[in-house]
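K.L.:
Got a structure here, written out as structure tokens. Questions coming.
The values are calculated or read from the model by the stated rules, or taken from the named source; none is laboratory data. Quick caveat: nothing in here was measured; it's all calculated off a predicted structure. Please note: Cβ atoms are built from the backbone with ideal geometry, for glycine as well, and neighbour counts cover all protein chains shown.
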């Protein structure tokens, strides 16, 4: 049995995936721009993830740009039958590595074709539309025009399923009036829990919630409570943070990213970590202490 099997599975689109997946963003160069420092190591991480049972990989053609998708194709194509690759659109990269909105119908359509080409696919399993109304977090505003473009690409057979990223609860509701939404990808972790109510609402409707920056992202989680629990359980703080997310709700799918084989193995081993109730209570208090700081 793989170390990620105890974490269980959940339906993503119309496919069952392991709840511990892999996010490819960190395979690109510094600032998610340019090629990786070690090309062969990046390929090894992707192959190791799949060998250990991962069947959900998150990516985007604006990582690099194009770099992570090309690495995924080189490492894994032809893809295993059970592998679900999820990508996202709505941004492009400036020559200086800046993140720029790419929201016109032609830009969204081109992004889908770029993902298809670089991944070596005829159809994309799931495409997340990432709202660019707020760069550092969700911001209210209509996403109808962009979702209509993506829904048309779905009708043409280029996209099987549609998800949302960096969105508010109101935008999720708006999106669900336009097309079926199979997943929501927002920032969420032990210390950043603004989406608590949204996660529970999605769970009731069988919709996956995929937290990005589950370990804090560019500012890793720092908490004496987290460190103390990890030490008591003989685990790393990041393993405890992953285990807490897996326990938080059954519809949470995790995509921790790394360019290191050692860190990949460490992250995936968190699937076997059992958190006692007193540890969960202590970890639950982190968001309260952060919010009051």
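K.L.:
Give 112, 54 a once-over and let me know the one that is within 14 Å of residue 257 (Cα to Cα), at pLDDT 95 or above and buried (at least 18 other Cβ atoms within 10 Å of the Cβ).
P.N.:
Exactly one residue qualifies, and that residue is 54.
K.L.:
Looking for whichever is out of contact with any strand residue (DSSP E or B) (no Cβ under 6 Å at 6 or more places or on another chain) and more than 22 Å from residue 169 (Cα to Cα) here; the options are 198, 190, 221. Which one fits?
P.N.:
One residue alone meets the criteria, 221.
K.L.:
On the basis of being over 23 Å from residue 108 (Cα atoms) and crowded, with 20+ Cβ neighbours inside 10 Å, does residue 229 make the cut?
P.N.:
So residue 229 passes the test.
K.L.:
Scan the stretch 31-60 for residues that are in a helix (DSSP H, G or I) and at positive phi and jot them down.
P.N.:
31, 32
K.L.:
Could you please let me know if residue 147 is modelled with pLDDT under 95 and either buried (at least 20 other Cβ atoms within 10 Å of the Cβ) or closer than 23 Å to residue 60 by Cα (or both)?
P.N.:
no
Every residue, every condition in (1) closer than 28 Å to residue 236 by Cβ; (2) more than 16 Å from the chain's Cα centre (by Cα), yes or no:
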position	(1), (2)
178	no, yes
187	yes, no
197	no, yes
204	no, yes
216	yes, no
224	yes, yes
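K.L.:
Right, another one. For the stretch 172-208, give me each residue that is more than 29 Å from residue 243 (Cα to Cα) and in contact (Cβ under 8 Å) with a residue 12 or more places away in the chain.
P.N.:
174, 175, 178, 179, 180
K.L.:
Can you tell me which residue in the stretch 263-281 is modelled with the lowest pLDDT, limited to those that are loosely packed, with under 14 Cβ neighbours inside 10 Å and not in a helix (DSSP H, G or I)?
P.N.:
Across the stretch 263-281, the extreme among qualifying residues is 274.
K.L.:
Tell me the residue from 155, 117, 160 that is surrounded by fewer than 22 Cβ atoms within 10 Å (Cβ to Cβ), more than 20 Å from residue 198 (Cα to Cα) and under 20 Å from the mean Cα position of the chain (by Cα), please.
P.N.:
Answer to the check: 160.
K.L.:
While we're here: Just to be sure I understand, how many residues within the stretch 7-20 are in contact with a helix residue (DSSP H, G or I) (Cβ under 9 Å, 6 or more places away or on another chain) and surrounded by fewer than 15 Cβ atoms within 10 Å (Cβ to Cβ)?
P.N.:
Within the stretch 7-20, residues that are in contact with a helix residue (DSSP H, G or I) (Cβ under 9 Å, 6 or more places away or on another chain) and surrounded by fewer than 15 Cβ atoms within 10 Å (Cβ to Cβ) number 1.
K.L.:
Within the stretch 61-165, which helices (runs of 4 or more DSSP H) (wholly inside it) include 1 or more residues that are without any contact (Cβ under 8 Å) to a residue 60 or more places away in the chain and closer than 20 Å to residue 175 by Cβ?
P.N.:
105-119, 144-155
K.L.:
A further question follows. Go through (1) surrounded by fewer than 17 Cβ atoms within 10 Å (Cβ to Cβ); (2) at pLDDT 95 or above one by one and return the number of the condition residue 136 breaks.
P.N.:
For residue 136, the exception is condition (2).
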